[in-house]
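Below is one structure, written out as structure tokens; the observations come after it.
The values are calculated or read from the model by the stated rules, or taken from the named source; none is laboratory data. Predicted model only: the values in this text are computed from it and were never measured. Positions of Cβ are generated from backbone atoms using ideal geometry, with glycine treated the same way; all protein chains shown enter the neighbour counts.
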Amino acid sequence: MSLSLENAAQVARPPEDGLAFLRLSRANEVTLEPGALSTDGARIAAFDSDVSATRRVDCAGCAIVPGLVDCHTHLPFAGWRAEEYALKVAGRPYEEIARAGGGIASSARAFAETSDDDVLAQGRALAREMLAHGTTSFETKSGYGLSVEAERRALRLAAALADEVPQTVRSTALLAHAVPPGMAAGAWLDAIAPLASDAESPATALDIYVESVAFGLDHLARMGDLARAAGRDLRAHVEQFSTMRSVPVALEHGARSVDHLACLHPDDLGPLAAAECAAVLLPGAELLGDERVAPGRALADAGAIGVIATDCNPGTSPVASLPLIAGLAVRRYGWTAREALVAMTLNAAWVLRLHDVLGSLEVGKRADVVVLDAPLEHLPYRFGHNPVAIVIAGGEVVHVREDQAWRLG
Ligand code: NIG
Ligand code: FE
């Protein structure tokens, strides 16, 4: 199979090949020249059209961009929590809902009551929705288990989902998400320690939720030690609803990413931006949870490895569309369309350690390619419109929007 994507208005290419990430202070060096892209099997072969290709695609008026990478989702999970959203909109704070048995605990109950088949069916449907919005790689997390056995089940189901979808999937063990009822936080970390280091686990990263209603800084440090000992990356949910000063602790423990950051302390911004640690911003959770707005502009100006993701989960962000998230980031952080693109492609791939194989359009990289129905600038601007016309994963056409089928001849 070979593809020839021809006559595009824009082809988004990095300023140079071989970059592991692009600090957002350089994102505007991404080029958007008119052109073409051809594939050979699963790889990008050239930035030229190929008249002998198996399939030729008319990209007139379109932007060709890398497949989108959603590096922070909570798939797989069971059910939704619409009633909780209504309470939040009516003014009830998340912490109060969580303390009353809602929040993560309620999704843990749903997860326990739902069969493997039904959890997988919901995950597949969401992966399908993500694909139609351009996501060709995503992260899964455990975290709705709240018992060691149920966390093992979550990791097993995440691996099963990965086998069933066209996307490239990386697994994170969010082993400290909520403190199980009746248990002390420290005792829970003792209980999950063997799973954190389990060589059979598919997880490439460990994650922890640091918050007044969840785990503290000493637990974050301990998770960092567990991650280092297990040869897994440390990731952390930090500074979402309150300023805990988690970032210095996470950096000290070599975190791959710190995620949320709506309440980032101003003194922690410079060190984070200078570090080899991604700042993963989740503007869907910020909007729907009526959280503070993360300092996205300041982080970008300071040269952070800026990333955006959906945080797709049944509580704080039931959102599957990265183009929608990019629209929020551009409006609320004051980012350019190029900054948003880098933040949901190469930099997000770096978080998942996929940057060597995907995340940018380079000859030899995996042919994960999205054709947008208009120039890149329309993606944040036409907020709510899905701009994704055609999705290619590993050189295969895996999604074509109905009204765009004519482009494939
Ligand atoms: O990333 N903040 C902690 N974890 C999730 C929310 C999980 C839930 O409410 O179900 C998040 O926002
Ligand atoms: Fe999250």
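Among the residues of the range 67-95, those that are under 26 Å from Gly359 (Cβ atoms) and either among the basic types (Lys, Arg) or touching a helix residue (DSSP H, G or I) at 6+ places or on another chain (Cβ under 7 Å) (or both) comprise Leu68, Val69, Asp70, Cys71, Leu75, Pro76, Phe77.
As for the range 132-147, it holds no residue that is under 28 Å from Gly224 (Cβ atoms), surrounded by fewer than 18 Cβ atoms within 10 Å (Cβ to Cβ) and touching a residue at least 60 places away in the same chain (Cβ under 8 Å). Take the conditions (1) within 16 Å of ligand 2 (Cβ to nearest atom); (2) assigned to a loop (DSSP other than H, G, I, E, B); (3) under 26 Å from Met344 (Cβ atoms); (4) not aliphatic (A, V, I, L, M); Asp207 misses just one of them, which is (2). Scanning the range 281-292 for residues that are of a type in the set (A, V, I, L, M, F, W, C) and near ligand 1 (Cβ under 10 Å from one of its atoms), we see that the one that is surrounded by the fewest Cβ atoms within 10 Å (Cβ to Cβ) is Leu288. Considering Ala193, Ala199, the condition of being buried (at least 16 other Cβ atoms within 10 Å of the Cβ), more than 16 Å from Thr140 (Cβ to Cβ) and in the same structural domain as Ala100 (by TED's automatic domain parsing) is satisfied by Ala193 alone. Take the conditions (1) under 15 Å from Ala343 (Cα atoms); (2) touching a residue at least 60 places away in the same chain (Cβ under 8 Å); Glu29 misses just one of them, which is (2). Exactly one residue out of Val388, Val371, Val351 is within 16 Å of ligand 1 (Cβ to nearest atom) and within 29 Å of Asp17 (Cβ to Cβ), and it is Val351.
Here Ser212 passes the criteria (1) more than 14 Å from ligand 2 (Cβ to nearest atom); (2) of a type in the set (S, T, N, Q); (3) within 22 Å of Ala273 (Cβ to Cβ); (4) touching a helix residue (DSSP H, G or I) at 6+ places or on another chain (Cβ under 8 Å) except the one numbered (3). Just one of (1) at pLDDT below 95; (2) within 16 Å of ligand 2 (Cβ to nearest atom) fails for Gly182. It is (2).
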